[in-house]
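Remarks on the structure that follows.
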Amino acid sequence: MFRGRNRFIVKRVVTWAGGGAFFCLTIWAKPVETVTTPPPSPVATAQPAPLVYPSVTPEISMSARSISELRHYETPTGSPRLPTPNPWFTLDPYQGTVTRQQFEQKLHTLYDPFSVFPAYYAITDSEVKIYPSVKERRDPQFVLQFAPPNQPRSPMRWFRTPAEFRTEPHPVDKPLSGLRVAIDPGHIGGPWAQMEERSTRYHGSAPVQEGDLNLITARLLNQELTNLGATVFQVRDSTEPVTPYRPEDMIPLARELLLAHSSHATNLRALPQDKLNLLFGQRLMELAEFLFYRCSEILERGNRIRNNFVPDITVTLYIDATPGSGRGRLTSANQNIFFVHGSYTRSEMADPEMQMRCVYKMVEGSSDIEAEVAADIAAVFKQVTGLGPVKYGNSNTTRQVILQNPYVVARNLAANREYDGPVVCTEPYFMNNHTVYQRLLAGDYDGVRLFDNKNYRSIFREYADCVAEGLVKAYASPPVIAGTTTNQAMTGQTK
């Protein structure tokens with residue numbers, strides 16, 4: 001949720017910020033070198049031989065150290081692949097893995113509900129050509145070949161579905177044995193919390209900082225999942241940024257963005273940089289800070305997972321709040337919400353970087369897994385907390401993804417988009433709820449304590465327990481209808 005001073009920033013650069021256009025070109029693995037057959041005669045040139053990609057199975061991915069390692073395939077001849085500045089070529093291994101029907105169905109119902117993207121491509125039953133703009137139709141950025149109708153082949157996939165994981169044998173006391181889980185504690189916290197606008201104080205009490213709170217939950221969840229047999233990668237374990245950049249590094253970029261949005265850009269560009277900095281004033285530093293913590297930090301977290309781990313599922317941890325929280329208002333309202341990837345807005349879908357990530361997330365095949373896991377986590381939270389859903393439904397920024405389950409909605413959040421593989425964003429509780437705020441101030445503790453005449457366990461343990469139980473429900477229990485039952489082996493951890 002954006003608060004206060006970020007309104008100007010978000011209005012100006014949210015589309016660019018989410019796409020991370022100035023950072024993304026360096027994070028992808030090397031693309032494919034086309035293999036050609038020598039001409040049989042001086043006058044006859046053979047067509048390039050079709051590319052053959054090795055099959056990436058869950059068994060192969062189990063032995064890999066990182067997603068990046070899995071992407072560094074050799075060509076069929078064993079020769080290294082040539083680099084290219086075009087990030088779209090990371091999609092090349094997914095050629096022929098989806099049909100036109102699957103592509104259009106996912107696009108219109110989940111990723112592009114406002115039908116913006118079709119203006120940027122030309123589609124036939126055999127392929128879709130994606131162009132850099134609505135008017136530029138000469139050279140496509142990328143051509144995705146479709147599988148024949150009703151004949152899609154399995155995509156390159158290093159993560160297991162819950163159904164696949166459930167078919168594997170697991171010890172009774174280690175139901176998540178072998179499951180690979182990445183945990184991302186949202187925001188940064190510590191001395192960066194005020195810059196992020198994630199430091200809140202009410203009625204003279206001590207401040208609570210969401211980045212710090214999410215880190216407490218992440219550490220507890222890490223231990224719980226490890227005890228259940230999972231292999232866990234925690235993206236951060238301190239209140240220091242993951243990105244090596246700092247706000248001052250973003251100033252040149254911020255200046256260029258402000259110039260690009262100015263009606264006097266030509267005249268302004270003639271001024272010295274120090275005068276431009278004075279002219280833009282506080283807006284320049286605010287935008288530089290935004291680019292630092294909202295863009296560079298998220299992209300680097302995606303890199304950290306990609307270069308160090310091969311997750312079956314990534315869980316991002318946040319705590320929600322009402323719009324009034326930024327104005328110091330406490331509330332009696334309290335609800336839960338869980339996000340999966342999708343629902344690009346009109347302006348987002350017009351951005352080339354967004355388009356590329358949209359198609360990538362579509363063809364990697366993670367959307368159904370995200371919905372299933374999110375629904376199981378939501379069901380546990382519903383039972384344990386008794387809280388209703390934030391009623392997003394189908395809005396200008398969200399889409400409901402499961403019939404009659406308002407707890408799970410698709411939204412184009414940066415982490416869900418930039419992290420590879422299935423990602424579920426958990427955002428329970430309202431931080432500025434009267435009781436929740438008291439529980440957060442109390443920190444982590446054993447047993448129960450009295451708040452507003454009721455006994456409550458540590459909210460951090462409750463949060464971690466619900467996520468852990470939701471993962472057990474998704475990956476180790478027989479499939480059920482989301483929201484109807486929960487794994488009784490872990491319940492009893494209620495307020």
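The values are calculated or read from the model by the stated rules, or taken from the named source; none is laboratory data. Quantities reported herein were computed from a predicted structural model and do not represent experimental measurements. Virtual Cβ from ideal backbone geometry, glycine too; neighbours counted across all protein chains shown. The accessibility values were calculated without ligands, DNA or RNA, using every heavy atom of the protein model including side chains. Shrake-Rupley method; radii C 1.70, N 1.55, O 1.52, S 1.80 Å.
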For region 232-297, build the convex hull from the C-alpha positions and give me its volume per residue in Å³.
-> 86
accessible surface per residue for region 389-434, probe 1.4 Å, DNA/RNA/ligands not counted, whole Å² -> 34
Thr397 to Asn150: extension gain in nm, 0.36 nm per residue of separation minus the Cα-Cα distance?
-> 85.7 nm
Gain on full stretching of the segment that runs from His203 to Gln105 - 0.36 nm per residue minus C-alpha separation | 30.3 nm
Whichever aspartates and glutamates have a C-alpha closer than 13 Å to that of Lys473, once near sequence neighbours (fewer than 8 apart) are set aside = Glu372, Asp376, Asp465
Rounded to the nearest whole Å², what accessible area per residue is found for region 227-276 with the 1.4 Å probe?
-> 55
Hey, quick one: spin label on Asn307, modelled 7 Å out along Cα-Cβ, who in region 224-251 has an amide N within reach, i.e. under 18 Å?
-> 233-238, 240-246
Quick one: which of Lys129/Lys391; Lys174/Lys361; Lys129/Lys361 span more than 26 angstrom between C-alpha atoms?
-> Lys129/Lys391; Lys174/Lys361
Over region 195-250, what percent of the accessible surface lies on carbon and sulfur atoms, probe 1.4 Å?
-> 48
Any chance you could look up the accessible area of His264 with a 1.4 Å probe, heavy atoms only, rounded to 10 Å²?
-> 110
Semi-axes (Å, rounded, descending) of the ellipsoid equivalent to region 75-192 per its C-alpha gyration tensor are 33, 22, 19
Solvent exposure, largest accessible area first (probe 1.4 Å, DNA, RNA and ligands not counted), of Arg357, Arg399 = Arg399, Arg357
Highest average packing first - 294-302, 150-158, 415-423, Cβ atoms within 10 Å | 415-423, 294-302, 150-158
Please work out the FRET efficiency for the pair Ala122 and Met62, using the Cβ-Cβ distance as r and a Förster radius of 51 Å; give the result to the nearest 0.05.
-> 0.80
How high is the relative contact order of region 163-290, in percent, counting Cα pairs under 8 Å that sit 6 or more residues apart?
-> 26
Whole-Å semi-axes of region 367-410's equivalent ellipsoid (Cα gyration tensor) = 17, 14, 7
With 0.36 nm assigned to each residue of separation and the Cα-Cα distance removed, Gln273 to Thr226 gains 11.7 nm
Go through Met285, Met62, Met356 and list them by solvent-accessible area, largest first, probe radius 1.4 Å.
-> Met62, Met285, Met356
Rel. contact order, % - alpha carbon contacts under 8 angstrom, at least six apart, region 329-454 = 39
